[in-house]
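Taking it in order: structure first as C-alpha cells, then the write-up.
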Amino acid sequence: MQELVNAIVEMMENDALALTKKYLEAGTPPMQIVDAYKEALKIIGQRFEQGTYFVPELILAGEMMNAASDLIKPYISAEEGKGGGSAKVGRFLLGTVEGDIHDIGKGMAGMLMDINGFEVKDLGVDVPAKRFIEEARQFQPDIIGLSGLLTLSYDSMKQVVEALKEAGMRDKVKVIIGGGQMDEHACQYVGADAWVTDAVAGIKYALGWMGK
Amino acid sequence: MILIGEKINGTRKQVGEAIEKRDADFIRDLALRQFQGGASYLDLNAGSLPEREPEDMAWLVEIVQEAVPDATLCLDSPNHKALRAGIQKAAKTPMLNSLSGEQFRVDGVLPLACEFGTELIILPISDSGIPGDAAGRLAVVRRLVEMTRKGGLPDEKLFVDPLVMAISTGVENGNITFETCRKISEEFPRVHITCGLSNISFGMPLRSILNQAFLVLGIQAGMDSAILDPERRELRGMMMAAETLLGKDRHCMNFNRAFRAGKIGPAKGA
C-alpha cells in the first residue's frame, strides 16, 4: 500500500491508477485504498504548505482521486450495498461572494473538502447573501465557506454573516472565509469563525470543527 | 524539448586536445554532465583533419556510449567516412548531423542515413549558399525531404535546422529564422525543428540574454529541439517556462519537478 501512497504523492498518475486497479482486483478492501489516497493527500498538503508543491499538484491530486473513486465505487456498492461506504464527515456549503467571480481557490477548497469526506455543495461565483441563506436552509451545512479574492468581498461576506444571524442560523454553522486578502482583521469585521489564505489550511479547521 | 548537447566538439580547443591525447576521462565527464543536464542526444564532432577523422569519431563513439549508454549519439561531420566509422561502432542507431542541399552531402550523407535508418539533421543550405529568406530555405528543405522520403526515412526522423544568422549583422535575421520554423511546421508537421542557439547573438553584448529570448520565440514558432549547452541554468529555466506557458507541459509538472530538483531557478547556495 505504501507503493500506492508514494505513486500518488510523487504525481505518478498512471502508476497510481494501475496500482489502484491491481489492489481492487486482488480483493483489497476498498476502504484501505481510500485510506491510502487520504494519507497521500495529507502529505501533498504538507508539501504545499512547505512551498515545494503548488496549485498544479493539488489539481492533479484531485484528478487522481476522482479517477480512483470511479474505479473504487463499483467495489464499494458490491460490498456494502448501494449508499453504503463511509459516512460523510459533514456538510460544506461553498461559494464566492457577491461582486467577485474568482473561482480557482474556491474550486480547490471544494475539491479538497470532498476528498476529505465532506458532502460539498458549491454555489458558484457572485453569490448573493440571500442565496446563501436559502441554500443553507435546504442543505443544512455544518460549515459555510465564503470565498473572495478582493478586499471588496469583506462587505459581501459580512452581509452573509448578518443574514445568517437574522435567519437564526448563525449558531448552527461555522463560517470560514478564504482568499488571498484575508486576515484576522477581516475575519473580525466579517464576523467569521476562521480565515485562511489557501485551501489546504481550510481543511484543518474544517476537520477540527467536526472533531476529526 | 529534445536537447542535443553541443559540447563534445573538437573545434573547441580543450576538446580538440582531449581527442588528440585520447583523454577519455575528459570526454566522459563532458558526456555525463550534459546528459544529466537534460541532453538526451550528444553531438560528437571530432573536428580533426579528414584522414584522422574516422578514427577519432570511432573513438569518441566508444568512450561516450560507454559513459552514458542511454544517450543517443549525434555524429557531426561533413565527412561520410567519419560518419560511417561512427555508425559502425555505435551500439544503438545514432543521429547524423547533417544533410544539406550541397551536392557532396547529398552524395555522401543521404545514402548513409537511408542505409542505416538514422535520425538526420537537415540544413537548408544549397551549393549557392544559405538562402536569405524563409521561402528560399523552405525550398531547399522541400527538395531534401522529398529525397529522404524516397530513401525510406519517415519524417519523424528528420530534425530540420532553420539556420540562424547573427542579429548584429541583420536585424531581420531572427524573423527569417522564426518564419522558416513556422513554414516548416505547417508544411511538414511531423518533422522536428532544431536550432543552434549561439549564432543569433554573435557580435553582441549580453549574449546569453539574447540566446534565451531567441529560444523562447523559437519554441513559439515551432522549435521542439535545440542544440545547446545543457548546463546553462538560465537558459534551461527560460526554455521550460516557455514550454509551460505554451501549453506543452501537462499540469505544469515538468516545470514544477525541475524546480524541486533544483534544476531551474536561482542556484542553491548562490
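Here the 3J(HN,Hα) profile of the range B:10-25, calculated from phi with Karplus coefficients 6.51, -1.76 and 1.60 at θ = phi - 60°, is x, 7, 7, 4, 4, 5, x, 5, 4, 5, 5, 8, 6, 7, 5, 4 Hz, Gly and Pro shown as x. Computed on chain A, with alpha-carbon pairs under 8 angstrom and 6+ residues apart, the relative contact order is 17 percent.
Neighbours of B:Ala67 by Cβ distance under 11 Å: Lys/Arg scored +1, Asp/Glu scored -1, total -3.
Where does chain B land at 222 nm, in deg cm²/dmol rounded to the nearest 500, when only DSSP H runs of n ≥ 4 count, each adding -39500 (n - 2.57), divided by all residues?
Here the helix-only value at 222 nm equals -15000 deg cm²/dmol.
Taking amide H atoms as placed 1.01 Å from N in the peptide plane, the amide H of B:Ser40 lies under 5 Å from those of B:Leu3, each 5 or more residues away in sequence or on another chain.
Computed over the range B:108-185, the Cα gyration tensor eigenvalues convert (square root of 5λ each) into semi-axes of 25, 12, 10 Å, ordered from largest to smallest. For the cross-link pairs B:Lys13/B:Lys248; A:Lys22/A:Lys212; A:Lys121/A:Lys174; A:Lys22/A:Lys42; A:Lys42/A:Lys121, the ones whose C-alpha atoms lie over 27 Å apart are B:Lys13/B:Lys248; A:Lys22/A:Lys212.
Estimated at 0.36 nm per residue, the fully extended path between B:Glu62 and B:Arg250 surpasses their Cα-Cα distance by 64.0 nm. Take every Cα pair under 8 Å whose residues are at least 6 apart in sequence, average their separation, divide by the length of chain B, and the relative contact order is 15 percent. Exposed loop sites here are trypsin sites (Lys or Arg not before Pro) assigned a DSSP state other than H, G, I, E or B and surrounded by at most 11 other beta carbons within 10 Å; excluding them, the longest clear run of chain B is B:93-189. Among the listed pairs A:Lys73/A:Lys130; A:Lys38/A:Lys73; B:Lys7/B:Lys92, which are separated by more than 27 Å between their Cα atoms? Beyond 27 Å: A:Lys73/A:Lys130.
If the chain linking A:Ile133 and A:Met1 were pulled fully straight, counting 0.36 nm for each residue of separation and taking away their Cα-Cα distance, it would gain 43.2 nm.
For chain A, the longest principal axis of the Cα atoms and the long axis of helix A:104-115 meet at an angle of about 50 degrees. Among residues other than A:Ser153 with Cβ under 11 Å from its Cβ, the summed charge is -3 (Lys and Arg +1, Asp and Glu -1). Database remark: amide H of B:Ser98 closer than 5 angstrom to the amide H of B:Ser77 (H placed geometrically; neighbours at sequence offset of 5 or more, or on other chains; Pro and chain starts carry no H).
Reported value for the protein assembly as shown: 205 Å³ per residue, from the convex hull of its C-alpha atoms. Taking chain B as a Gaussian network of alpha-carbon nodes connected by springs under 10 Å, the highest mean-square fluctuation of the residues B:Gln220, B:Gln103, B:Gln212 belongs to B:Gln103. Whole-Hz Karplus values for the range B:174-183 come out as x, 4, 4, 5, 5, 5, 4, 4, 5, 5 Hz, taken residue by residue from phi with 6.51 cos²θ - 1.76 cosθ + 1.60 and θ = phi - 60°; glycine and proline positions read x. Comparing Cα centroids, the range B:28-72 and the range A:4-38 end up 42 angstrom apart. Once backbone amide H atoms are built at 1.01 Å from N, A:Val175 has A:Ile144, A:Asp193, A:Ala194 as its partners under 5 Å, excluding neighbours fewer than 5 places away on the same chain. Residue by residue, the range B:109-117 carries 3J(HN,Hα) couplings of 8, 4, x, 5, 4, 6, 4, 9, x Hz when phi is fed to the Karplus relation 6.51 cos²θ - 1.76 cosθ + 1.60 (θ = phi - 60°); x denotes Gly or Pro. Treating the Cα atoms of chain B as identical point scatterers in vacuum, please give the log10 of the normalised Debye intensity I(q)/I(0) at q = 0.09, 0.12 Å⁻¹, two decimals. Listed by q, the Debye log ratios stand at -0.40, -0.74. Other residues lying with their Cβ under 12 Å from the Cβ of A:Met111 contribute a combined charge of -3, Lys and Arg counting +1, Asp and Glu -1.
With kT/(6 pi eta Rh) evaluated at 4 °C and eta = 1.567 mPa s, and Rh the Kirkwood radius from Cα pairs, the range B:1-87 diffuses with a coefficient of 104 µm²/s according to Stokes-Einstein.
Helix A:199-209 and the long axis of chain A differ in direction by around 90°, with both axes built from C-alpha atoms.
Values quoted throughout were computed directly from the atomic coordinates according to the rules given, and no laboratory measurement underlies them. Only a predicted model underlies this, so the values are computations on that prediction, with no experimental measurement involved. Cβ coordinates were reconstructed from backbone atoms using ideal geometry, including for glycine residues, and neighbour counts include every protein chain displayed.
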